[in-house]
Each structure stands twice: as C-alpha cells, then as structure tokens.
Amino acid sequence: MSKTQTEVGLLDTGYRWLGAIPAHWTTAELRRIADIRLGKMLQTAQSGPDDIEMPYVSAINVQPEGLSIEPKKSMWFSRAEQQYLTVEPGDVLVVEGGSVGRSVYLNDGLEGWRFQNSINRVRSKPALSVGTFIDYALKHLQSEGVIEMVCNKATIMHLTAEKLGRLRIAVPPVSEQVAIADYLDRETAEIDEFIGDQGELIELLKERRAATITQVMTKGLNPESVLRDSGIQWVGKVPEHWQIRKLKALAKLISKGTTPTTMGESYTDEGVRFLRGEDVQGGRLVSESPRYISEETHNLLRRSNIEENDILFVIAGTLGKTAIATANLLPCNTNQAIAFIRLNDPSRSKFIHYWLSSRPVEEMTALGAVVAAQPNLSMATLGNFAVPVPSRPDMQRIVEHLDFETSEIDAAIADAKEAIALSKERRAALISAAVTGKIDVRNHITAELGAA
C-alpha cells in the first residue's frame with residue numbers, strides 16, 4: 001500500500017505549478033513576503049528645481065545572463081523619488097512589459113541608480129524571505145507559464161506590480177530559502193558555464209562557415225587560377241575569367257512585402273504562411289512561431305507572393321540573413337522586413353544565396369544600411385550589390401562543394417544548439433524541483449560537508 005502525501009510529510013498546495021510541498025513549508029502571495037514597487041515613467045526634462053538627473057535601470061538592462069549596466073541612460077527624478085526608487089544589494093528586478101517576468105538578483109547595488117517603469121523592484125522582508133530565493137521562485141513561475149497566464153496576451157503583456165504581488169510561491173523557512181539559493185547558485189553556475197561554452201562554439205562555427213563560403217565564392221575551387229582585381233575593395237581579387245555583375249542585372253524582380261494591417265487585414269491561426277525577419281535563421285526558414293494570413297489577404301498582397309527559388313534577404317532589423325523559398329513552403333507571403341530576389345535564371349539561386357551569406361556582402365550591407373529606428377537596406381542598394389559570376393560548370397561545382405562543407409558545419413551548430421536547449425531545460429527543471437521542495441537540498445549540503 002503506497003503512502004499518502006501526509007504520511008511522507010507532504011502537503012498538497014492545490015496549485016498546478018507547486019504541487020505537493022514539504023509539510024513544514026507554506027505558500028504565500030509574493031506581496032506578503034516582499035515589498036514590490038514599479039519604477040518611474042521616463043522623464044527626459046527637468047520639471048522642478050529639486051530634480052536631479054540620474055542613471056536608471058530599464059528592461060534592456062535585465063538580461064537572461066544577468067544584469068547589464070549598458071546601455072547606461074539617465075533621466076530626471078524628484079527629491080522624493082530619489083528616496084524610494086533606489087536599487088540595493090538583495091533586490092530582485094523584474095521586467096514589467098515585453099519579455100515579462102525576466103528577473104535578476106542584485107548581488108551588488110547600483111550606487112546612484114534608480115529604476116524606470118519597465119521594472120518592478122522586489123525587496124524581500126528579512127523575517128520572511130531572501131531575494132535570491134525569490135528570484136529562483138520567479139524563474140520557476142516563468143518556466144511553468146504562470147506569469148504568461150496572469151498577463152493579458154491578447155494585447156501587449158504587462159506584469160504590473162499588482163499582478164506580480166498576487167503570484168503565489170512556495171515559502172520554506174528563511175534558513176532553507178538560503179540553503180536552496182546557495183545550492184542552485186552552485187548547480188546552475190556549472191550549467192551556465194557549459195551553455196556559455198556551447199555559445200562560443202556556435203560563434204566559432206559560424207565564423208568558419210562564413211570564411212569557407214567567402215574563400216570559395218571569391219577565389220573559386222582551383223588554387224592555380226590566375227586572379228585579377230575585381231575593382232571592389234571588399235571583394236578583392238577573383239579568378240580572371242569571372243565576371244562582376246550587379247544583382248539587379250541577374251534578377252527579373254527585387255521587391256519586398258508589406259504588413260496586412262496596413263490594408264485593414266489581420267493575421268489568422270492558419271492559412272498562408274507569412275514570413276517575418278525572425279523566421280530567417282542560419283540560412284534557412286524556421287517555424288518556431290509561424291504567422292499566417294488568409295487566402296483572401298494573400299491575394300490582396302499578390303505583389304509579394306513568394307515563388308519557388310526566390311531568394312529571401314532580411315533588409316530591416318538584423319540585416320543580411322538569407323534563405324531560399326522551397327516548394328514545401330508555398331503558398332507564402334512576406335512583410336516589409338524581407339526582400340525577395342527572383343532571378344532571371346532560377347538555377348543560379350543557390351549560388352547567389354551563398355554569395356549573399358559571404359563576408360563581402362556583410363561589408364556591402366553594413367555600408368549601405370540606413371540606421372533609423374532600426375537598421376534597414378533599400379531595394380536600390382540591394383540591387384546594386386556586386387556579384388562575382390563564374391561559368392555555369394564552375395558555379396555548379398562551387399554549390400556542390402559548399403553544400404557538403406556547410407552541411408557538416410551546420411550539423412555541428414545544430415548539435416551545439418540542442419545541447420544548449422537541453423541544458424536550459426535541465427536548469428529550469430532543477431530550479432523548479434528545488435523551489436517547490438521536490439529535492440531536499442539539506443541532504444546535498446550535509447553530504448558535501450561530510451565529503452569535505
């Protein structure tokens with residue numbers, strides 16, 4: 001006969017995200033064990049004689065890997081606001097809008113800094129809680145989808161101070177909160193180090209990929225080829241029999257899409273795939289959070305209907321990402337962040353795609369970009385990009401060579417990304433188990449002290 005939760009010292013909380021907790025723990029809304037305050041709305045000009053310009057923390061400073069003091073921006077605070085909008089060691093800063101719920105624990109205070117209204121400051125009540133435990137408890141709630149649940153996802157999500165304060169967490173005695181936080185600090189540090197190493201590996205592999213593409217796309221496969229100056233600084237020398245053409249001379253159409261809302265239309269749950277800049281990653285199209293439009297909207301946007309072998313090139317935001325439209329993607333449309341290049345000869349699409357992934361094109365993109373609210377590239381500038389054009393047989397051999405070389409690199413990148421994803425899952429699971437009492441960290445600590 002199995003033991004009941006009461007017999008093994010567990011208490012059923014009745015909350016999905018907490019489950020059964022140790023019987024000597026309790027649960028509480030966050031506002032009961034901590035003081036919560038929302039920051040000040042941005043004030044760019046002095047409004048009173050006692051106002052002082054001071055640096056402030058905003059959502060951009062609170063990152064998954066910790067607190068970043070860059071960018072450092074300043075705004076005006078009144079004398080009263082200077083007193084109650086401080087950030088001190090032990091505080092937890094929680095993002096209020098956008099990437100709601102992202103949090104960071106302050107080991108060190110930010111002397112002279114205050115916080116803006118994109119941030120909720122959570123300050124523990126010493127007799128009831130510690131900041132490090134609260135930070136881990138919030139990370140647990142975020143991984144369980146609780147924070148998203150309490151925010152209204154139909155519009156821009158906001159985790160107001162009231163909503164944050166009503167979040168319920170498991171609350172062990174303060175001594176156990178300290179033990180849990182210390183245990184998680186050690187365990188997650190090892191996981192984070194591994195994730196960091198894998199991230200560095202991915203960047204090295206991306207560099208290797210770009211270098212491989214650039215070498216072949218500018219020098220060809222024959223090391224004995226006689227080279228000539230291309231006349232373009234960032235391209236350098238190319239095999240003497242290669243031509244240099246402008247992209248627009250090779251294309252019958254270079255255009256971009258538009259957003260359905262500009263025509264009074266909206267997105268749908270299914271229908272025709274609608275591409276955005278974030279859908280282009282690693283030389284291919286991904287489906288992490290796809291968007292769709294109706295057939296009727298697709299027909300209204302017929303000017304930007306994508307065809308097989310169209311080359312997609314991101315021209316707004318993170319510039320220069322490229323992919324090829326394949327038959328399985330169709331029908332498909334795109335917004336104004338993506339240009340599509342329809343070649344006179346579709347058999348050249350793969351070659352041009354590789355060229356657009358090379359370092360010379362990075363240089364051309366950076367040189368031609370206009371930086372406004374976000375970097376963007378015009379159709380005219382894209383069309384004037386220089387393209388080295390070898391003979392058709394050489395072009396085919398180059399594509400086959402790069403298909404083989406980049407497939408190995410892409411497989412290594414995919415392995416590293418999978419390792420990161422699994423590590424993040426393990427990290428989240430470890431935090432969830434510890435802050436809900438599913439593992440007793442006191443046993444771990446006793447074992448470590450015994451080993452010492």
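The values are calculated or read from the model by the stated rules, or taken from the named source; none is laboratory data. Small disclaimer: the values here were computed from a predicted structure and weren't measured. Cβ placement follows ideal geometry from the backbone for every residue including glycine, while neighbour counts extend to all protein chains displayed. To get the accessible areas, we keep the full protein, side chains included, count just its heavy atoms, and leave off ligands, DNA and RNA. Shrake-Rupley method; radii C 1.70, N 1.55, O 1.52, S 1.80 Å.
For D310, nonlocal amide neighbours, meaning residues 5 or more places apart or on other chains whose placed amide H falls under 5 Å from its own, are A325.
Working note: 222 nm ellipticity from helices only, DSSP H runs with n ≥ 4, each -39,500 (n - 2.57), summed and divided by the residues of the chain, gives -11500 deg cm²/dmol to the nearest 500. Around the amide H of M157, modelled in the peptide plane, lie the amide H atoms of G98, all under 5 Å away and 5 or more residues distant in sequence or on another chain.
Model label sites at E203 and L128, defined 7 Å from Cα along the beta-carbon direction, differ in position by 4.2 nm. Compared with the dominant Cα axis of the chain, that is its longest principal axis, helix 359-368 is turned about 80°. Using the Cβ-Cβ distance between L367 and R442 with R0 set to 56 Å, the FRET efficiency works out to roughly 0.40. Taking 0.36 nm per residue of separation and subtracting the current Cα-Cα distance, fully stretching the chain between S47 and T26 would add 2.9 nm.
Can you compute the charge dipole magnitude of region 163-252 about its Cα centre, using +1 on each Lys and Arg Cβ and -1 on each Asp and Glu Cβ, nothing else charged? Give it in debye, rounded to the nearest 20.
Values: 14 positive and 14 negative charges, 248 e Å.
Dipole magnitude for region 163-252 comes out near 1180 debye.
Taking amide H positions as modeled 1.01 Å from N, with prolines and chain starts lacking one, the residues under 5 Å from A28 and 5 or more places away or on another chain are I169, V171. Modelled spin labels at I69 and Q82, positioned 7 Å past Cα toward Cβ, are 2.0 nm from each other. Hull volume per residue, based on the alpha-carbon atoms of the chain and their convex hull, is 221 Å³. Taking 19 Å as the cut-off, the amide N atoms of region 79-107 that come nearer than this to a point 7 Å along the Cα-to-beta-carbon line of E288 belong to 98-103.
For the pair K424 and V226 in one chain, pulling the backbone fully straight at 0.36 nm per residue adds 66.2 nm over the alpha carbon distance.
A 31 angstrom limit on the alpha carbon distance is what I want to check against. Which of K72/K163; K206/K237; K256/K350; K139/K417; K237/K321 exceed it? Intermediate values should be presented prior to the final figure.
Values: K72/K163 28 Å; K206/K237 24 Å; K256/K350 20 Å; K139/K417 21 Å; K237/K321 25 Å.
Distance filter (> 31 Å) returns an empty set.
Comparing Cα centroids, region 379-426 and region 315-359 end up 13 angstrom apart.
Which FRET efficiency value, to the nearest 0.05, is calculated for Q396 and E193 with the Förster distance at 45 angstrom and r the Cβ-Cβ distance? Efficiency, from the Cβ-Cβ distance: 0.50.
Can you give me the C-alpha center-to-center distance between region 229-284 and region 47-112, rounded to a whole angstrom? About 40 Å separates the Cα centre of region 229-284 from the one of region 47-112. The heavy atoms of T381 present about 40 square angstrom of accessible area, all protein chains included, probe 1.4 Å.
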